[in-house]
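The values are calculated or read from the model by the stated rules, or taken from the named source; none is laboratory data. This is a predicted model, so every value here is computed, not measured. All Cβ positions, glycine included, derive from the backbone under ideal geometry; neighbour counts span all protein chains shown. Ligands, DNA and RNA are stripped out before the accessible areas are found, and what is left, the full protein with its side chains, is counted by its heavy atoms. Shrake-Rupley method; radii C 1.70, N 1.55, O 1.52, S 1.80 Å.
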Amino acid sequence: ELEKLQESTTQGAHAHGMNYHHKQEASGYYFFMPTVSLMGAGALKQGVRDMKARGWHDLLIVTDKGLSECGAVKRLTDLLDEQCISYVIFDGCTPNPTAAQVAAGVQMVREAGCSAVVSFGGGAPPD
């Protein structure tokens, strides 16, 4: 099935990765959203370099209150500021995010005209 999705004119090299649903089958919708996950020493700096190289701007950073309050998100935003990459932060994620939390994030994407979504943290933010 993945090969079919990659051959589609709305996927593969032409994919934008946001809100793409395909024909519903008996088992449900297919949703294809390419992602990149960076982990380990140097991942934060490399991620920002990659974002800059891809021309991403006006990012939505999705995280949780704990990572915002302990300063972890600031490490990312400091690097983004150095590269003149603008962003908005949604730190309202809780374990097992609700539909209302997703809707709030989508609204922020629309209002800020975000070109990409950055999931910062593990667990709820990637969900």
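What to note about this one:
- When region 81-107 is filtered for residues that are closer than 10 Å to Leu60 by Cα and in contact with a Phe, Trp or Tyr (Cβ under 8 Å, 6 or more places away or on another chain), only Gly105 remains.
- Number of the condition not met by Val36 [criteria: (1) part of a loop (DSSP other than H, G, I, E, B); (2) open to solvent by 40 Å² or more (accessible area, probe 1.4 Å); (3) at pLDDT below 65]: (3)
- Complete set of residues in region 45-65 that are under 25 Å from Asn96 (Cα atoms) and either surrounded by 13 or more Cβ atoms within 10 Å (Cβ to Cβ) or of a type in the set (A, V, I, L, M, F, W, C) (or both): Leu59, Leu60, Ile61, Val62, Thr63, Asp64
- Residues in region 92-103 that are surrounded by 15 or more Cβ atoms within 10 Å (Cβ to Cβ) and out of contact with any Pro (no Cβ under 9 Å at 6 or more places or on another chain): Gly92, Gln101.
- For Val109, the test of being touching a strand residue (DSSP E or B) at 6+ places or on another chain (Cβ under 8 Å), at pLDDT 85 or above and part of a strand (DSSP E or B) is failed.
- Yes/no for Ala116 being of a type in the set (A, V, I, L, M, F, W, C) and closer than 14 Å to Gly47 by Cα: yes
- The residue that is nearest to Gly55 (Cα to Cα), among those in region 73-91 that are open to solvent by 50 Å² or more (accessible area, probe 1.4 Å) and hydrophobic (A, V, I, L, M, F, W, C), is Cys84.
- Condition met for Gly66 (under 12 Å from the mean Cα position of the chain (by Cα) and in a helix (DSSP H, G or I)): no
- Of all residues in region 61-100 being out of contact with any Ser or Thr (no Cβ under 9 Å at 6 or more places or on another chain) and among the polar types (S, T, N, Q), the one that is farthest from Leu44 (Cα to Cα): Thr98
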